[in-house]
Amino acid sequence: MNNFDFKDYIQSNLSEIIGYQALSYPNELRNFIKLDGNENPYGPSKKAIEVLSQRNDFHLYPDHPDKLRQKIADSLNVLPENIVCSAGADAVINLIFSSFKKQDMKLVIIKPSFGMYKHDAMINNLLFDEINLEIASQPNGHYLDANLFSRNKHAFIFAIPNNPTGGIMEKESILKLLDAEHLVIIDEAYIKFSKHQSYVELTKKYKNLIVIQTFSKWAGLAGLRLGYGVMHRDLSSTLNAIQQPYTITNYAIDAAMVSLDDVEFLDNNVKKIIATKDLFINQLVDITNITPINSEGNFILCRINKGKNTDFQKFLYNKNILIRSYSDVELKKYVRISIGTPKNMEYVIEVIKEWNS
Ligand SMILES: Cc1ncc(COP(=O)(O)O)c(C=O)c1O
């Protein structure tokens, strides 16, 4: 082997990055109840499956997602030029971060929140600060002292509802940041499960507001990868121009289009998930060694009051249930359980009672 050194080519900060711990789901786990990825237990619209089964053009490059942009825009009452589609909310976030200045501007990330924010900030070499929030949300939501950011330009990213806490950021804090003309990105991956209103409408008032949504959760299309951002055309035109040309497949476009024609069916599944979540929380409240945190998402963060969170996870694993645990200091006592079907959750409660006894 010669003396070639990648250090001469590759940014040194990248070697510190620990890749996102993608959840592996090998065949031997296929009979498990999968409650570790906040996926939709009811799957996609039947019409989407039907449309996908009819495609036979694997050898062709995908179309431009213009029709889809129009359809998403119509569904949100904005214009197609306000929409940037990509391969999941993940790719939209990374696309936005990739356009950010590396030095003159700082990104603020909330902790605990969705791990990809920090990951993407690091791979894009951004300056960023992490701000700790209380895990249990206050009645009006998590509070952020916006006055702390009165001087320099900052960009903020919030998941509303937040993953994994399930809480929301109170609106007053968001409005203060917007009025102070910071750039605010609101990730609404779970907004359909929340009783709170989307911020999309406010993108018409605030040029400095970006809202991100996805078909992964409410529409059950996580595997097809389709998310989008709603933003002012001054930014969307740049992001649409810099994006790789074939990021979104025809299958994702078709499935998303059909989902928007089948909203009643999908919204009904969302209602079922919310009802199952409410029942599950009520049942957990009576179990001493686990404390559920109220959630506006399709998942519940739970504090484990007996033993390690990983022991609890293992107990469930041995009963064929997959859930998410954390190693971050502030989440060391916590696990996150996604909401499955009522039958799934009945079984989970039985198993948790057994662990508790
Ligand atoms: C807050 C948040 N944003 C974005 C995503 C990723 O969404 P997508 O599947 O559209 O990339 C997730 C996935 O779990 C999430 O929790």
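The values are calculated or read from the model by the stated rules, or taken from the named source; none is laboratory data. Computed from a prediction, not measured in an experiment: that's the story for all the values here. Note: ideal-geometry Cβ built from the backbone for every residue, glycine included; neighbour counts use all protein chains shown. Quick note on the areas: whole protein, heavy atoms, side chains included, nothing else; ligands and nucleic acids left out. Shrake-Rupley method; radii C 1.70, N 1.55, O 1.52, S 1.80 Å.
Summary table
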quantity: Criterion (in contact with a strand residue (DSSP E or B) (Cβ under 7 Å, 6 or more places away or on another chain), within 16 Å of the ligand (Cβ to nearest atom) and not hydrophobic (A, V, I, L, M, F, W, C)) met by exactly one of GLY227, GLY115, GLY220; calculated: GLY227
quantity: Which numbered condition LEU266 misses (of (1) within 21 Å of ASN40 (Cβ to Cβ); (2) more than 14 Å from the ligand (Cβ to nearest atom); (3) open to solvent by 10 Å² or more (accessible area, probe 1.4 Å)); calculated: (3)
quantity: Residue in the range 69-77 that is within 29 Å of GLY167 (Cα to Cα), out of contact with any helix residue (DSSP H, G or I) (no Cβ under 6 Å at 6 or more places or on another chain) and not charged (D, E, K, R) present; calculated: yes
quantity: Qualifying residue in the range 57-68 (condition: touching a Phe, Trp or Tyr at 6+ places or on another chain (Cβ under 7 Å) and part of a loop (DSSP other than H, G, I, E, B)); calculated: yes
quantity: Residue list for the range 195-207, filter: assigned to a loop (DSSP other than H, G, I, E, B) and surrounded by 21 or more Cβ atoms within 10 Å (Cβ to Cβ); calculated: TYR199
quantity: Residue match in the range 60-67 (condition: more than 30 Å from THR238 (Cα to Cα) and open to solvent by less than 90 Å² (accessible area, probe 1.4 Å)); calculated: no
quantity: Residue in the range 132-140 that is open to solvent by 40 Å² or more (accessible area, probe 1.4 Å), touching a residue at least 40 places away in the same chain (Cβ under 8 Å) and part of a strand (DSSP E or B) present; calculated: yes
quantity: Verdict on THR165 being in contact (Cβ under 8 Å) with a residue 12 or more places away in the chain, more than 23 Å from ILE109 (Cα to Cα) and either open to solvent by less than 60 Å² (accessible area, probe 1.4 Å) or basic (Lys, Arg) (or both); calculated: no
quantity: Test result for ILE109, farther than 23 Å from GLN197 by Cβ and more than 16 Å from the ligand (Cβ to nearest atom); calculated: no
quantity: Residue among ILE186, ILE135 that alone is closer than 30 Å to ALA87 by Cβ and among the aliphatic types (A, V, I, L, M); calculated: ILE186
quantity: Residue match in the range 288-297 (condition: among the charged types (D, E, K, R) and either touching a strand residue (DSSP E or B) at 6+ places or on another chain (Cβ under 7 Å) or closer than 25 Å to GLY141 by Cα (or both)); calculated: yes
quantity: Residue within the range 4-19 that is farther than 29 Å from VAL258 by Cβ, modelled with pLDDT under 95 and within 16 Å of the ligand (Cβ to nearest atom) present; calculated: yes
quantity: Residue within the range 177-188 that is touching a Lys or Arg at 6+ places or on another chain (Cβ under 6 Å), within 11 Å of the ligand (Cβ to nearest atom), in contact (Cβ under 8 Å) with a residue 12 or more places away in the chain and open to solvent by less than 10 Å² (accessible area, probe 1.4 Å) present; calculated: no
quantity: Test for LYS192: is it within 16 Å of the ligand (Cβ to nearest atom), open to solvent by 20 Å² or more (accessible area, probe 1.4 Å) and modelled with pLDDT of 95 or more; calculated: yes
quantity: Within the range 215-250, tally of residues that are assigned to a helix (DSSP H, G or I) and crowded, with 24+ Cβ neighbours inside 10 Å; calculated: 0
quantity: Subset of the range 75-104 (residues that are open to solvent by 30 Å² or more (accessible area, probe 1.4 Å), within 18 Å of TYR117 (Cβ to Cβ) and more than 13 Å from the ligand (Cβ to nearest atom)); calculated: SER98, SER99, LYS101, LYS102
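Conditions tested, residue by residue: (1) without any contact (Cβ under 8 Å) to a residue 24 or more places away in the chain; (2) assigned to a helix (DSSP H, G or I); (3) buried (at least 19 other Cβ atoms within 10 Å of the Cβ); (4) in the same structural domain as GLY220 (by TED's automatic domain parsing).
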site: ASN294; (1), (2), (3), (4): no, no, no, no
site: LYS306; (1), (2), (3), (4): no, no, no, no
site: PHE312; (1), (2), (3), (4): no, yes, yes, no
site: LYS319; (1), (2), (3), (4): no, no, no, no
site: GLU330; (1), (2), (3), (4): no, yes, no, no
site: VAL335; (1), (2), (3), (4): no, no, yes, no
site: GLY340; (1), (2), (3), (4): no, no, yes, no
site: GLU346; (1), (2), (3), (4): yes, yes, no, no
site: GLU350; (1), (2), (3), (4): yes, yes, no, no
